[in-house]
1. Sticking with the crude label model, points 7 Å out along Cα→Cβ, report the distance from residue 328 to residue 41 in nm, one decimal please.
2. Describe numerically, in nm with one decimal, the distance between label points set 7 Å from Cα along Cα→Cβ at residue 143 and at residue 216.
3. What ranking do 330, 108, 162 get, fewest neighbouring Cβ atoms within 10 angstrom at the top?
4. Rank these for me by crowding, 142, 85, going from fewest to most other beta carbons within 10 Å.
5. What does the extension gain come out to for residue 367 and residue 183, with contour length at 0.36 nm per residue minus their alpha carbon separation?
Amino acid sequence: MGLCCAVFETMSCACTLGKCVTTDGRLSVKYANIMYLFILIIFTFVAFLLQEWSGEFNFYSFNIGCQDIPGVDVSACKGENAVYRISIGLASWFIMVAFGSSCSQKIHSGFWGVKLISLLIITVGFFFIPIVGQNSYVQVARTVSGIFLVSQLVSFIDAAYHWNAFFVEKAFNNEMEVNKKWTSVILTICAMFMVGIIVCLSLFYLHYNYCTRQEVFITVTVILVVFSTVLQLQTQETNSSLLTSCFVSMYAVYLCWSSISSDECNPGQSSEAQLALACFVSSLSLAWTCYATGTKDWNTGTRLIEDTEEDTEEDTKEDTEGTQSMFIFHLIMATGSIYMSMLLTNWGTVSGQKSEAQMWVSIISQWISVSIYLWTIVASKCCPQRDF
């Protein structure tokens, strides 16, 4: 009942906000994306609360897998079950909206009453469904979480290129004279990033030297950071985007810390710090994803009778690009919903124990992410006939 009340109040607030920004019964893409992000944040908060309070749930679906296994902390097990159910329900809902949006843009920006009610029914309904094979879900969730970590890097690369283009335009808007003010701003930001990266890597060597594996991960991170930065600066096609390299390098350092800090050879734990920082980084990436997807107004509006056949073809192409963008957006939100369950449950490890899965998922995601970034640098040279 508490879950129903919390979700209902959240949706009431969302509907109230929707009335303020609705035009012709639908939100703009940008405001719709904000609503989806708001829903994800609220449900994450509800999952966090129920993780602590679900020990009192004493109905059949929650007892399966908790009371019938010897040596399991029943209260902690039920709390994790609540997180998994909210995660599965929210991810299922985002996938449904994704397929709906691929058919019509109106599904993405409209029909909020139907969508919110269906979200409530799906999420609450999972609480009364016995979920057997939770270990299988955890394995799948870990894989999906790795995909989400890589998507974060893609989001940060996109943001970094946009910000670099903004600063370059400000600094070189006059071909006859360089704007020293804006040049100083971008160089200062890059210098702060680089100092932070060097300090973090140095602290890693000092505080995470309990086993050889940690030193190898840190050293590989140093090599990747140096190599990607030098390659970026030597590539004219990317406008020598040092800011982009700084973004990617900092994210690589973050994934390295997430990996080595969860290594089983550590004497202590840093789960709270990991949770806080991971939520912050995820919020930044999802916020940019919402902004990037909503920046372009995909609504073409009503066509005039005098439109030519060429204009109609362009509008159709724009409609297709819009639905594809929205489809990908909802898939990212779905993977974010699953990633949320791994964060709150320490990657599916009962009773807050260390998770070797987090270590490997984080470091492998780092390698894949940096590889994707390196490809964005050399792609124009490898495939000169394609437009990147």
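1. Computed distance between label sites residue 328 and residue 41 equals 2.4 nm.
2. Going by the 7 Å Cα→Cβ label model, 2.4 nm.
3. Working: 330 24, 108 28, 162 15.
The order, fewest Cβ neighbours first, is 162, 330, 108.
4. Numbers: 142 19, 85 25.
Ascending Cβ contact count within 10 Å gives the list 142, 85.
5. Working: separation 184, 0.36 × 184 = 66.24 nm, distance 3.16 nm.
In short, 63.1 nm is gained.
Read the figures in this text as sums done on the coordinates, not as results from a lab. Since this is a predicted model, take the numbers as computed values, not measurements. Note: ideal-geometry Cβ built from the backbone for every residue, glycine included; neighbour counts use all protein chains shown.
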